[in-house]
Every structure is written in C-alpha cells, then in structure tokens.
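Trainee: Quick one: structure below, then a few questions.
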Amino acid sequence: MKTIKSVYMMTDLEGVAGVDDWDPRHTDYGNEAKGVYERSEMQRLLTGEVNAAAEGLFKAGVREVLINDAHGAGRTILPEALIPGVRIARGRNRPSWLLGISRQFDALVQVGMHAMGYTPNACLAHSMSRGILYRANGREMGEMGMAALLAGQLGIPWVFTAGDLHACRESEAWAPGIVTAPVKEGLSDLCAIHLAPADARDLIRERIQEAVQKAGDIAPVTLQGAVTIEIQREEPWPAKLREGTERVDAFTVRYTGKHFWQAFHHATYGKPDMPLPE
Ligand SMILES: [Zn+2]
C-alpha cells in the first residue's frame, strides 16, 4: 500500500457547518457592520474545519499539507489562525484554479464542499457561479468533480470530502470508496441542519484519518480520451464569444480538449495550452 505523505486540500465556504447564506462580500451591506460580522464568522467557521482536517492528516502520518483557499474571494481562510506545519495558497489574479497542484501530491481532500448547481434541497448549491450547469462528456459535474478530475489527470486520488450531506453523496457517486464527513444536511438552498462546529471538527479530524488509511484503495477520478465540456446558463450567452468557443444553442457553449485538463483550462481560463504540471 502506498503511504500518503503529501496531501492537497481544496477548500470552499458554502459547505461549512454553520454557513447557510451566501458570502456577503458582494451584497449591498458587505461593507457595513452586518456584512463584516457575517463574513468574519464564516471565515472562523471555515478555518476551524480546515485546521481539524490538517490535524487529522498530520495524526495519520502525512508530512505535507497544501491548502487552497479557493472560495471566490481567495482570502477567506484566516492565515494567522492556521495550525503550524501547513502551507496555504491564496489571493487574487490566480493563474489557475488548483494553485500549486503537482504530481508530488499523493491524495486530494476537499473541505467545506457544497453540491453542484440544481441539486434538490442542497444548501448553497452552485457550480462556479449561480445559474450555471457544467457537463463533462455529457455528465453533470460540480466544483468537486472538476477538482477531482484535474487531480485525477495527474494520477492523484480524491479520498475525502467534508461538507453538506448532498455534497458527500455527490462525491460518493464520483469516487467509490471515498470517505465523507457530512457536517450539515441541506433542507433548501438557504437552510440546513448543522452539527455544532466543535462536533463538525471532531468528525472531520476522525474521518480524514480513515481516508488516509483507505487512500490506496481509491482510484483517481478520470475520463478517458478527448473531453468535451458544456456550460449551460439560464441567461443566453453574448453574441461575441472567446476564440475557440463553440456555440451549441443560445444557452449552451462547448469546449473540447485532448483530455480533461486541457478542456477545463480552455473553458474556464481561456488557456487550452496550460501545461500539465510535473
Ligand atoms: Zn464553490
């Protein structure tokens, strides 16, 4: 069995226990006391779950943990509250989505995860933004699936998810054998039953250790051969589209690549030639 020494941790905000509304940073009250209060509470809740995951990983013998602060703002985790030993990739003007990913990582874990857009009853479900649906070779995928397929392209298995119960179910459909920590159960887009944050952190710390033990039995998530990504919106796409974009109909565009890595960077960053990392 392969020992898991180096782990890549993808993070998001909407799947964290205690969070059941959108990040207020873009609301009209984002800069007022209410917005600042709500956002700092969300930041503490996310940071607590990230730390619990890192503690579990270190306890399981992992030596290196790189955390991707991937929620929209790129600055949601509180760096000074992180436990020692981790590194964090954060900030704006990001050259790619999975900052710092490379073949040297042995496993992918995802913390704070929400289900893909249009999942019934899931809390804060969306795919990159609201009102959008992604498909890869015809299969609907959310953000977790995208991260898993990018890591899978490098041979890295996705072994753990913490988040909404609906996100955990979605992970299990992509990665048989994956270990999950449902920290809340979405009842609608803006409503959930949450574990107390202390209990959510305990669950994550425990289950992620189990995931490290099982990692050798979990296959990377991959798509064979050429990959087509379709993006369907509720709003029609504008008349002028980026070069290389194929219009399927008013609401759907399509990008093709020789593999998922290429199709994804074509579709999301306009960079079909972004090289696969070493
Ligand atoms: Zn997200």
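The values are calculated or read from the model by the stated rules, or taken from the named source; none is laboratory data. Everything numeric here is computed off the predicted structure, so don't read it as measured data. Here the Cβ positions follow ideal geometry from the backbone for every residue, glycine too, while neighbour counts run over all protein chains shown. Heads up: the accessible areas ignore ligands, DNA and RNA and are worked out on the full protein's heavy atoms, side chains in. Shrake-Rupley method; radii C 1.70, N 1.55, O 1.52, S 1.80 Å.
Trainee: When the chain is fully extended, how far beyond the present Cα-Cα distance does Ile132 get from Tyr29, taking 0.36 nm per residue of separation?
Mentor: On the way: separation 103, 0.36 × 103 = 37.08 nm, distance 2.52 nm.
Working it through step by step, the gained length comes to 34.6 nm.
Trainee: Moving on to the next point. Quick one: grab the alpha carbon gyration tensor of segment 182-234, order the square roots of its eigenvalues as a ≥ b ≥ c, and give me rounded if a/c is under 1.5, else prolate or oblate depending on whether a/b is larger than b/c. Before the final figure, lay out the partial values.
Mentor: Working: a/c = 5.02, a/b = 1.22, b/c = 4.11.
Oblate shape, in that a/c is at least 1.5 and b/c is the bigger or equal ratio.
Trainee: Calculate, for the chain, the solvent-accessible area per residue in square angstrom, rolling a 1.4 angstrom probe over the heavy atoms of the protein chains. Let's see the in-between values first.
Mentor: On the way: 12210 Å² over 278 residues.
Result: 44 Å² of accessible area for each residue.
Trainee: Under the rule of -39500 (n - 2.57) per DSSP H run of 4 or more residues, summed and divided by the residues of the chain, what mean residue ellipticity at 222 nm is obtained, to the nearest 500 deg cm²/dmol? Let's see the in-between values first.
Mentor: On the way: 5 runs with 76 residues, N = 278.
The per-residue figure over the chain is -9000 deg cm²/dmol.
Trainee: Okay, next question. What per residue convex hull volume, in Å³, comes out for segment 148-213 when only alpha-carbon positions are used?
Mentor: Details: hull volume 5.8 nm³, N = 66.
Convex hull of Cα atoms, per residue: 88 Å³.
Trainee: With bins 5 Å wide starting at 0, give me the P(r) of the chain over every alpha carbon pair, in whole percents.
Mentor: Taking all Cα pairs of the chain, the binned fractions are 1, 6, 13, 17, 20, 18, 13, 8, 4, 1, 0 percent.
Trainee: Shape verdict for segment 137-180, please, from the Cα gyration tensor: rounded (a/c under 1.5), prolate (a/b greater than b/c) or oblate. Mind dumping the intermediate values first?
Mentor: On the way: a/c = 1.87, a/b = 1.21, b/c = 1.54.
Verdict is oblate for segment 137-180.
Trainee: Still on this structure, I have one more. By its C-alpha gyration tensor, with a ≥ b ≥ c as the square roots of the eigenvalues, how is segment 65-186 shaped: rounded for a/c under 1.5, else prolate for a/b larger than b/c, else oblate?
Mentor: Numbers: a/c = 1.41, a/b = 1.30, b/c = 1.08.
Verdict is rounded for segment 65-186.
Trainee: Testing the spin-label approximation: label points 7 Å from Cα along Cα→Cβ at Gln224 and Asn93. State their distance in nm.
Mentor: Going by the 7 Å Cα→Cβ label model, 4.4 nm.
Trainee: Roughly speaking, to the nearest percent, how much of segment 154-272's 1.4 Å accessible area is carbon and sulfur? Don't skip to the answer; put the middle values down first.
Mentor: Working: 2870 of 5550 Å².
Of all accessible area on segment 154-272, carbon and sulfur atoms account for 52 percent.
Trainee: Okay, moving on. Suppose every K and R has +1 on its Cβ and every D and E has -1 on its Cβ; what is the size of the dipole of the chain about the Cα centre, in Debye to the nearest 20? It would help to have the intermediate numbers written out before the result.
Mentor: On the way: 30 positive and 35 negative charges, 185 e Å.
Dipole magnitude for the chain comes out near 880 debye.
Trainee: Note the full-extension length gain between Thr268 and Gln104 as 0.36 nm times their separation in residues minus their Cα-Cα distance, in nm to one decimal. Write down the numbers at each step before the final one.
Mentor: Working: separation 164, 0.36 × 164 = 59.04 nm, distance 2.43 nm.
Extending this stretch completely gives an extra 56.6 nm.
Trainee: Calculate what fraction, in whole %, of the accessible area of segment 1-53 sits on carbon and sulfur atoms when a 1.4 Å probe is rolled over the protein chains. Let's see the in-between values first.
Mentor: Numbers: 1190 of 2300 Å².
Looking at segment 1-53 in its full context, I get 52 percent from C and S.
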